[in-house]
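First the structure, in the form of structure tokens, and then the observations on it.
The values are calculated or read from the model by the stated rules, or taken from the named source; none is laboratory data. Because the structure is a prediction, the values reported are computed rather than measured. Cβ placement follows ideal geometry from the backbone for every residue including glycine, while neighbour counts extend to all protein chains displayed.
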Amino acid sequence: MSRYAGDGQRIYVAGHRGMVGAAILRRLAGAGVGEILTRTHRELDLTDTRAVERFFAETRPSQVYLAAAKVGGIQANDRFPAEFIHQNLMIEANIIHAAWLHGVERLLFLGSSCIYPRLAPQPITEEALLTGTLEPTNEPYAIAKIAGIKLCESYNRQYGTDFRSLMPTNLYGPGDNFDLENSHVIPALLRKFHAAKSEGAPAVTVWGTGTPRREFLHVDDLADACVHLMGLGVETYRAHTRPMCSHVNAGTGEDVSIRELAETIGDVVGFKGEIRFDVDKPDGTPRKLLDVSRLAALGWTARTGLREGLAQTYAWFLEHRDMLRT
Ligand SMILES: NC(=O)c1ccc[n+]([C@@H]2O[C@H](COP(=O)([O-])OP(=O)(O)OC[C@H]3O[C@@H](n4cnc5c(N)ncnc54)[C@H](OP(=O)(O)O)[C@@H]3O)[C@@H](O)[C@H]2O)c1
């Protein structure tokens, strides 16, 4: 674990009941530093400007982790584009503005690798931002996330704040969404393989050819990266970023094919049958891998191997499957 320079801080984790926010909370609690502030969505609607300002005025946090967002899969992004762009812009603008207004010393904004152009050269460097057309399926969400980075940079430039941004690759781990309709590939496959094993099914069918390559980061590794980044002095952070390209990618720097992923998940779950590929289903982009050299230069690399992380996530799924968000 990275040493955390957060002792004596009042740390607000926005979105602490989400997958990422909960992991940050676990990581901060494990380090036993600072006083941690949280509010549920019901207690504080982050799209409500006045309520957010009141909260900052009353609680006076010194550090903020901004992990609250309206998040969803392709279908939800397609059906509710106005909600995705509006709510995310409001959450970011409200928190970042209130953080400046009430003297927050350091803030970390969480975005996503969907900020990068659809055809960005691989592995994707931070410099690829705004060099091409975005993936149309989640463009409104991506635009809101780009705006979050630019809000941080603009406040830094105009007001001298220390607001940072981290852009994670695909995440997996405890707290993931295991909904069969709307989940990402890892929870969807874990659930599918588990069901096939339980029912004694002879085969599991995976969408597409199995050849696309993807990168996956365990959410507890991400939380460790967040806390590491927040512990760095401002000079160190700025030495490896630029005022108008201040965000940092977070990933493992390694990708796997969907076939390798499915085989590993089958193994972890203990499924003995056949894995088939439905080649009539779309593959999506052939490769998506982040260049993580900036984060490595800042002193952090991922530790959890994919098999180990998958085994841990499957154990979590078995323990929590009756209470999952499905
Ligand atoms: N999961 C991934 O694979 C992944 C990958 C890359 C980047 N990220 C980024 O990480 C961040 C967090 O994602 P996540 O996966 O943790 O999402 P999540 O599990 O959906 O958590 C988001 C949290 O934000 C809260 N929230 C949403 N709107 C709110 C509002 N108006 N007021 C107060 N709270 C609100 C949600 O509360 P309710 O549920 O009560 O609404 C939820 O607790 C996002 O910026 C996302 O882009 C995630």
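Of all residue pairs spaced 6 or more apart or on separate chains, those with beta-carbon atoms under 7 Å, a first member in segment 224-247 that is closer than 15 Å to LEU66 by Cβ and among the hydrophobic types (A, V, I, L, M, F, W, C) and a second member that is modelled with pLDDT under 95 and not in a helix (DSSP H, G or I) are VAL227/SER2; VAL227/TYR4; MET230/GLY6. Checked against the criteria, GLU53 does not count as within 15 Å of the ligand (Cβ to nearest atom), within 20 Å of the chain's Cα centre (by Cα) and surrounded by fewer than 17 Cβ atoms within 10 Å (Cβ to Cβ).
Please work out which residue is surrounded by the fewest Cβ atoms within 10 Å (Cβ to Cβ), limiting yourself to segment 111-133 and to residues that are more than 27 Å from MET230 (Cα to Cα) and aliphatic (A, V, I, L, M). Checked segment 111-133; the qualifying residue surrounded by the fewest Cβ atoms within 10 Å (Cβ to Cβ) is LEU119.
Note on segment 176-277: enclosed helices (runs of 4 or more DSSP H) holding 3 or more residues that are touching a Phe, Trp or Tyr at 6+ places or on another chain (Cβ under 6 Å) and under 29 Å from LEU28 (Cβ atoms) are 185-199, 219-230. Cβ separations smaller than 9 Å between residues 6+ apart or across chains give the following pairs from segment 38-51 residues that are over 16 Å from GLU92 (Cβ atoms) to residues that are hydrophobic (A, V, I, L, M, F, W, C) and within 8 Å of the ligand (Cβ to nearest atom): THR38/ALA14; ARG39/ALA14; ARG39/LEU46. When LEU46, LEU108 are checked against the criterion of being aliphatic (A, V, I, L, M) and within 19 Å of LEU229 (Cβ to Cβ), LEU108 stands alone in meeting it. Scanning segment 136-168 for residues that are modelled with pLDDT under 95 and buried (at least 18 other Cβ atoms within 10 Å of the Cβ) yields one hit, ASN138. Annotation note: Cβ proximity below 8 Å between a residue of segment 127-145 that is more than 16 Å from LEU290 (Cβ to Cβ) and in contact (Cβ under 8 Å) with a residue 24 or more places away in the chain and a residue that is assigned to a helix (DSSP H, G or I) and among the aromatic types (Phe, Trp, Tyr) (sequence gap 6+ or interchain) occurs for ASN138/PHE84; PRO140/PHE84; TYR141/PHE84; ALA144/PHE84.
Just checking, does segment 265-278 include any residue being under 20 Å from the mean Cα position of the chain (by Cα), farther than 26 Å from SER62 by Cβ and in contact (Cβ under 8 Å) with a residue 40 or more places away in the chain? Among the residues of segment 265-278, not one is under 20 Å from the mean Cα position of the chain (by Cα), farther than 26 Å from SER62 by Cβ and in contact (Cβ under 8 Å) with a residue 40 or more places away in the chain, which makes the answer no. When the criteria are applied in full, LEU290 meets the requirement of being touching a Ser or Thr at 6+ places or on another chain (Cβ under 6 Å) and not charged (D, E, K, R). Of the residues examined, SER62 is not one that is among the small types (Gly, Ala, Ser), at pLDDT 95 or above and within 15 Å of the ligand (Cβ to nearest atom).
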